[in-house]
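Bear in mind these aren't lab numbers, they're just calculated from the coordinates by the rules spelled out. Just so you know, these numbers come straight off a predicted model, no measurement behind them. Here the Cβ is made from the backbone with ideal geometry for all residues, glycine too, and neighbour counts use every protein chain on show.
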């Protein structure tokens, strides 16, 4: 996978959390590859498919407690239902993916899917492993954005 | 003023609703896809529509074309509010008759300005 696919997602995550939630996020270490069949690091997982100039998927994974803090800020409301949590998580991923995709050519986004639970297996294209971008909220904790894509 | 919010994300609709309330707009109906939006447009007289693009059932572009293709709603102001930021797709929406276009992420004042600009155009 081309390394130039990565930076738009970091930039988009920074912009999205700053603009929609009023919180800063930052890169938290080196990129690593996650082999097919291994689980994402945290128990809340959003996935969105991409097609067009590139094909593949983007994944965001975060623990539920951190997700709840982010969605409280997103909604501007202390009361976050389970529906708000999954819907808001998917919408934040959708916004991040849209902003990043605009820098990769004409890319179409699928509808995001959000799941919770440990030991989920999320497979990518056989030729394109998940690249993990470690991120963090300095005050709340870590999360990952993962990208698995290739030129169409 | 009566407004239709169309977005498959209920959290996004809550955020938009709060911005509208801050502008004194309380008469708001909600749709989670284009089909629901078209149904509501056929039953109510709206002053404008906020329309997402990526939605299940009927997406925002199909919905916009359906609105413009119906003489009863052809002139209804439609503000696209979407994560689709690709210039080609933005131009496609403008050509299809979008009155204005707001790319997510946005701050509340960005949405307010787009709504105000939409009505200043007329």
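Are any of the residues in region B:64-87 over 14 Å from the mean Cα position of the chain (by Cα), surrounded by 15 or more Cβ atoms within 10 Å (Cβ to Cβ) and within 24 Å of residue A:111 (Cβ to Cβ)? Taking every residue of region B:64-87 in turn, at least one turns out to be over 14 Å from the mean Cα position of the chain (by Cα), surrounded by 15 or more Cβ atoms within 10 Å (Cβ to Cβ) and within 24 Å of residue A:111 (Cβ to Cβ). The sole residue among A:60, A:20 that is more than 16 Å from residue A:150 (Cβ to Cβ) and in a strand (DSSP E or B) is A:60. Within region B:103-122, the residues that satisfy the criterion of being surrounded by 19 or more Cβ atoms within 10 Å (Cβ to Cβ) and touching a helix residue (DSSP H, G or I) at 6+ places or on another chain (Cβ under 6 Å) are B:104, B:105, B:111.
Of the residues contained in region B:32-45, none is found to be surrounded by fewer than 21 Cβ atoms within 10 Å (Cβ to Cβ), touching a helix residue (DSSP H, G or I) at 6+ places or on another chain (Cβ under 6 Å) and either in a loop (DSSP other than H, G, I, E, B) or within 14 Å of chain A (Cβ to nearest Cβ) (or both). Consider region A:106-145 and keep the residues that are part of a loop (DSSP other than H, G, I, E, B) and under 14 Å from the mean Cα position of the chain (by Cα). The one that is surrounded by the fewest Cβ atoms within 10 Å (Cβ to Cβ) is A:111. Taken over region A:39-86, the residue count meeting the criterion of being touching a strand residue (DSSP E or B) at 6+ places or on another chain (Cβ under 9 Å), on the phi > 0 side of the Ramachandran plot and within 14 Å of chain B (Cβ to nearest Cβ) is 1. For region A:30-38, the criterion of being in a loop (DSSP other than H, G, I, E, B), within 23 Å of residue B:107 (Cα to Cα) and either touching a helix residue (DSSP H, G or I) at 6+ places or on another chain (Cβ under 9 Å) or facing another protein chain (nearest Cβ under 9 Å) (or both) is met by none of the residues.
Apart from one condition, residue B:24 fits all of (1) in contact with a strand residue (DSSP E or B) (Cβ under 9 Å, 6 or more places away or on another chain); (2) within 20 Å of residue B:112 (Cα to Cα); (3) assigned to a loop (DSSP other than H, G, I, E, B); the exception is (1). Report yes if residue A:103 is outside any strand (DSSP E or B), under 24 Å from residue A:4 (Cα atoms) and either within 14 Å of chain B (Cβ to nearest Cβ) or out of contact with any strand residue (DSSP E or B) (no Cβ under 8 Å at 6 or more places or on another chain) (or both), otherwise no. It is true that residue A:103 is outside any strand (DSSP E or B), under 24 Å from residue A:4 (Cα atoms) and either within 14 Å of chain B (Cβ to nearest Cβ) or out of contact with any strand residue (DSSP E or B) (no Cβ under 8 Å at 6 or more places or on another chain) (or both). Only residues that are within 14 Å of the chain's Cα centre (by Cα) and either within 11 Å of chain A (Cβ to nearest Cβ) or touching a residue at least 60 places away in the same chain (Cβ under 8 Å) (or both) were counted across region B:91-107, and they come to 2.
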